[in-house]
Amino acid sequence: MKYYYFGIHKAASTWLIQILYDINDFMNKKHAHYHSAKMFDHDINKMVYEKKLDFVSYTNSEYNTVQKINHPFKAFHVIRDPRDIVASSYFSHLNTHSDNMWPELNDYRKELKSLDKEEGIIATMNHLENMRIDGEPVLVFDCLNNWNYDNPSILELKFEDITKYPYILIPEIFEFMGLLDSDSKQKSRNNFSESFLNFKKGTINIK
């Protein structure tokens, strides 16, 4: 059995990936993250096999890639209200988002800085429809619209819920995956609230 986190742009992926690295280290499971299919040469099965991965975080995930997975898996998928994605993306792309492995952001940021706020929001909507990261199309709205939300192997979650109630939902994720039995869930909630919540308290921006 393999395990996956599937994400979307501006839906707490940095925060979640940090937590998943810590949890996988604790479980002695090998974890890696990828922000587009280009990073694993569009062959998710080969990548998992060759790197002997147990847990994969695939942000900006597209369902046409997910449906090619040819081994048993359990996963969770975090989505966000598209209106909030636009607002968060505007401010992030304007000022704070890293351009590491995203050379296109530099020119786009210059464009945003030349626009007023209303024009910038409109430009951001257009950009998210046609976004590229290191040359790879990452079509945010298509990723949301073309997803299969009824896959029984994937637990569907909302950004708004997981960031508000992580001490409830993160243990539920691992119970869904079969990595946490129900008797241990409450203890895990207590431990999570005492330890991993420090990620939410200013060390990582989850907006």
* Somewhere in segment 87-97, is a residue in the same structural domain as Met177 (by TED's automatic domain parsing) and either among the charged types (D, E, K, R) or under 16 Å from Ile121 (Cβ atoms) (or both)? -> no
* To do: Within segment 94-104, track down each residue that is touching a residue at least 24 places away in the same chain (Cβ under 8 Å) and either of a type in the set (A, V, I, L, M, F, W, C) or assigned to a helix (DSSP H, G or I) (or both).
  => Leu94, Thr96, Met101, Trp102, Glu104
* Asked: Do we have Lys74 as touching a Gly at 6+ places or on another chain (Cβ under 7 Å) and either surrounded by 14 or more Cβ atoms within 10 Å (Cβ to Cβ) or among the basic types (Lys, Arg) (or both) here?
  -> yes
* Asked: Which residues, taken from segment 93-110, are surrounded by 14 or more Cβ atoms within 10 Å (Cβ to Cβ) and of a type outside the set (Phe, Trp, Tyr)?
  -> His93, Leu94, His97, Glu104, Leu105, Arg109
* Asked: For segment 149-173, which residues satisfy the criterion of being over 16 Å from the mean Cα position of the chain (by Cα) and either farther than 27 Å from Tyr90 by Cα or not assigned by TED's automatic domain parsing to the domain that holds Ala37 (or both)?
  -> Asp150, Asn151, Pro152, Ser153, Tyr167, Ile168, Pro171, Glu172
* Asked: Do any residues in segment 115-134 that are within 23 Å of His35 (Cα to Cα) have Cβ atoms under 8 Å from those of residues that are in a strand (DSSP E or B), where the two are at least six apart or on different chains, and which pairs are they?
  -> Asn130/Pro137; Met131/Pro137
* Considering only segment 1-73, give the helices (runs of 4 or more DSSP H) lying wholly within it that have at least 3 residues that are assigned by TED's automatic domain parsing to the domain that holds Ile170 and among the β-branched types (Val, Ile, Thr). => 13-27
* To do: Select from segment 124-153 the residues that are modelled with pLDDT under 95 and of a type in the set (Gly, Ala, Ser) and list them in ascending order.
  => Gly135
* Being touching a Lys or Arg at 6+ places or on another chain (Cβ under 9 Å) and crowded, with 21+ Cβ neighbours inside 10 Å narrows it down to one of Tyr5, Tyr90, so name that one. => Tyr90
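The values are calculated or read from the model by the stated rules, or taken from the named source; none is laboratory data. What you see is a predicted model, and the numbers here were worked out from it, not measured in a lab. Glycine also receives a Cβ, built like all others from the backbone with ideal geometry; neighbour counts cover every protein chain displayed.
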